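> Here it is: the structure, laid out below.
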Amino acid sequence: MEQLRAAAAACRGCELWEPATQVVFSAGAVDGRLALVGEQPGDQEDRRGVPFVGPAGRLLQRAVAEAGIDLATTYVTNAVKHFRFSQEAPGRRRIHASPDVAHVAACRPWLAAELAQVDPDVVVCLGATAAKALLPKDFRVTKHRGQLIRRVTSRGEKTFLGTIHPSAVLRVPEAERERAYAALVADLRVAAGALG
């Protein structure tokens, strides 16, 4: 894993490396039975070099614990390894911009290599970008979230589950936030149950 992480720092597979502070590869247990795959690093992740350390990450940590999952035994990564953002002027706040299909495709070899190395039993795709990277083309988060999907991988048959990204919980109106959070926790409980 350390070799993959070091090699990824030199990746020039797309243009996102140039404005980003650094590559944000992964964190957590490299032998975890559960892998959480998000979209891309956010502003704080880009600055610190660790996935899920910003507001969405704190919400995810709380949801994972509430779902009965031990975060210390979980592998955490993103489908895209560099932060894509817009910025009005230097020194201004960097605004998240969703990665394109080309960015997902450029990072797919990294994601495939790290998941082959970790070899988790269950992979949770957090949001549409992660789902596009790992699930069938007809998968829709709004339609199929929380459903277990069996897929053949280079390491044999594995279980996948798609759900919303924790940042989606933060973006809904405050009156709907608790319900959105509870739905995320429920999806994560399905993943926890699949671990046996």
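The values are calculated or read from the model by the stated rules, or taken from the named source; none is laboratory data. Source: prediction; values computed, not measured. Here the Cβ positions follow ideal geometry from the backbone for every residue, glycine too, while neighbour counts run over all protein chains shown. Note: areas computed on protein heavy atoms with side chains; ligands, DNA, RNA excluded. Shrake-Rupley method; radii C 1.70, N 1.55, O 1.52, S 1.80 Å.
> Which of the residues that make up the stretch 155-185 are touching a residue at least 60 places away in the same chain (Cβ under 8 Å), open to solvent by less than 50 Å² (accessible area, probe 1.4 Å) and not hydroxyl-bearing (Ser, Thr, Tyr)? Before you say what the answer is, go through the steps one by one.
At the first step, the residues of the stretch 155-185 found to be touching a residue at least 60 places away in the same chain (Cβ under 8 Å) are 165-167, 169-170, 181, 184-185.
Those still in the list that are open to solvent by less than 50 Å² (accessible area, probe 1.4 Å) too: 165-167, 169, 181, 184-185.
Across the stretch 155-185, the qualifying residues are His165, Pro166, Val169, Leu184, Val185.
> Ok, one more. Condition first: among the small types (Gly, Ala, Ser) and outside any helix (DSSP H, G or I). Now tell me which residues in the stretch 123-149 satisfy that. Give the derivation first.
Narrowing the stretch 123-149 to residues among the small types (Gly, Ala, Ser): 127-128, 130-131, 133, 146.
If the condition is that a residue be among the small types (Gly, Ala, Ser) and outside any helix (DSSP H, G or I), then Gly127, Gly146 are the ones that fit.
> Still on this structure: For the stretch 66-74, indicate whether the set of residues that are within 13 Å of the chain's Cα centre (by Cα), closer than 22 Å to Asp187 by Cβ and modelled with pLDDT of 95 or more is non-empty.
Taking the stretch 66-74 first, the residues within 13 Å of the chain's Cα centre (by Cα) are 74.
Within this subset, residues satisfying the condition of being closer than 22 Å to Asp187 by Cβ are 74.
Cutting the leftovers down to modelled with pLDDT of 95 or more gives us 74.
Yes; the residues of the stretch 66-74 include at least one that is within 13 Å of the chain's Cα centre (by Cα), closer than 22 Å to Asp187 by Cβ and modelled with pLDDT of 95 or more.
> Here's another thing I want to ask about it. From the list Val152, Val190, pick out the single residue that is in a strand (DSSP E or B), over 28 Å from Arg48 (Cα atoms) and open to solvent by 50 Å² or more (accessible area, probe 1.4 Å).
Numbers: Val190 fails: in a strand (DSSP E or B).
Being in a strand (DSSP E or B), over 28 Å from Arg48 (Cα atoms) and open to solvent by 50 Å² or more (accessible area, probe 1.4 Å) holds for just one of Val152, Val190, which is Val152.
Yes or no, residue by residue, for (1) free of Cβ contacts under 8 Å to residues at least 24 places away in the same chain; (2) open to solvent by 50 Å² or more (accessible area, probe 1.4 Å); (3) among the hydrophobic types (A, V, I, L, M, F, W, C):
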residue: Ala8; (1), (2), (3): no, no, yes
residue: Glu18; (1), (2), (3): yes, yes, no
residue: Leu34; (1), (2), (3): no, no, yes
residue: Gly49; (1), (2), (3): no, no, no
residue: Arg58; (1), (2), (3): yes, yes, no
residue: Val80; (1), (2), (3): no, no, yes
residue: Pro90; (1), (2), (3): yes, yes, no
residue: His96; (1), (2), (3): no, yes, no
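> Exactly one condition in (1) modelled with pLDDT under 95; (2) within 26 Å of Tyr181 (Cα to Cα) is not met by Arg93; state its number.
(2)
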